[in-house]
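Only the coordinates and a few stated rules stand behind these numbers; no lab work does. As the structure is a computational prediction, the values presented were derived from the model and not from experiment. Using ideal geometry, Cβ is built from the backbone for each residue, glycine included, and neighbour counts are taken over all protein chains shown.
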Ligand code: CP
Ligand code: NVA
């Protein structure tokens, strides 16, 4: 089966195909999910991802079923493998937002239905696809463009770096030294042929940037270390002064924003901000990914009855 757990599951060609599908408007004559379900499991909260994924399923002719641990208690009431098999009896795909990325890997290893990562502690590929759509929409290409991420090198950063790098862009990250990628993530990114320039000083890397991107300093699941992280990220807020280091750059944020923490209000709401273009592109991203996976030759349906 072809799954999408992280951007490097896709070749540059496959990523390009998804971007092309994402740009297509919904077509009532092209409904690859007609009569089929897509299970949308969420272990964490979501506004953009749930709504964009469910609406993408609808636009492709299918029926999304929203599932939380209130129904399935994944891994507690029933094993991950048994829930995956069960959902595969009724659904064409499983899209899942989880804490540990290993849960997605376990679902994918069952290999009875395509699995789509709707955010794990490791990556957020559908966000990265919306982000590159946004950057290409702005500049016409990513090739040669400089994307600078300021803040916590997290799940959003990893997928963004892989997508930008895959498409020939340059990725820079400004973060406190202890919040850079783990060796495992750094190796994975290097294996994908992506180079990252790192610094803890915005003035060193931001000049010449086309995009300045940030995300929360405290991701879902990290609430217990919130106070420590807020202290360690002091001085990393994207303010108007930081934006002035690359005055032509657009500002991006996957949202939800924590106004007054990683970013100042006047940056989020200012003329350089493209946050609502990004949010709108989440629907296109989900449509492109689901369309791609629905027609992938490896993704023939599994049924215990056949
Ligand atoms: N950007 C994003 O994934 O937002 P949600 O957490 O609201 O889905
Ligand atoms: N890094 C954030 C992204 C939310 C969309 C988190 O994991 O909570």
Over region 1-100, the quotient of the Cα radius of gyration and 2.2 N^0.38 Å is 1.15
Over region 209-261, the quotient of the Cα radius of gyration and 2.2 N^0.38 Å is 1.23
Taking a crude spin-label model, label points 7 Å out from Cα along the C-beta direction, the residue 12 to residue 280 distance in nm is 3.0 nm
Given a Förster distance of 41 Å, the FRET efficiency implied by the Cβ-Cβ spacing of residue 111 and residue 240, rounded to the nearest 0.05, works out to 0.25
A chain fully extended from residue 248 to residue 228 at 0.36 nm per residue, minus the present Cα-Cα distance, gains in nm 3.9 nm
Under the rule rounded for a/c under 1.5, else prolate if a/b exceeds b/c, else oblate, using alpha carbon gyration tensor axes a ≥ b ≥ c, region 153-306 is classed as prolate
In nanometres, the difference between 0.36 nm per residue of separation and the alpha-carbon distance of residue 198 and residue 27 is 57.3 nm
Once both label points are put 7 Å beyond Cα along the C-beta direction, the residue 266-residue 186 separation in nm becomes 3.7 nm
Tilt, helix 12-23 to longest principal axis of the chain (alpha-carbon atoms), in degrees rounded to tens, equals 80 degrees
Distance in Å, no decimals, from the C-alpha centre of region 55-117 to the one of region 247-306 is 20 Å
Tilt, helix 155-166 to longest principal axis of the chain (alpha-carbon atoms), in degrees rounded to tens, equals 90 degrees
Here the tail fraction of P(r) beyond 38 Å, over all Cα-Cα pairs of the chain, rounds in percent to 12 percent
Here Rg/Rh (Cα, Kirkwood) for region 77-216 equals 1.04
Quick shape check on region 68-125: root eigenvalues a ≥ b ≥ c of the Cα gyration tensor, a/c under 1.5 is rounded, otherwise prolate if a/b tops b/c, else oblate, and it reads oblate
By the C-alpha gyration tensor axes a ≥ b ≥ c (rounded if a/c is under 1.5, else prolate when a/b exceeds b/c, else oblate), the shape of region 113-190 is oblate
Stokes-Einstein D for region 2-61 (10 °C, 1.306 mPa s, Kirkwood Rh from Cα pairs), in µm²/s, comes to 119 µm²/s
The simple spin-label model distance between residue 177 and residue 89, using points 7 Å out along Cα→Cβ, in nm, is 5.6 nm
Rounded to the nearest 10, the angle in degrees between the Cα long axis of helix 101-110 and the longest principal axis of the Cα atoms of the chain comes to 30 degrees
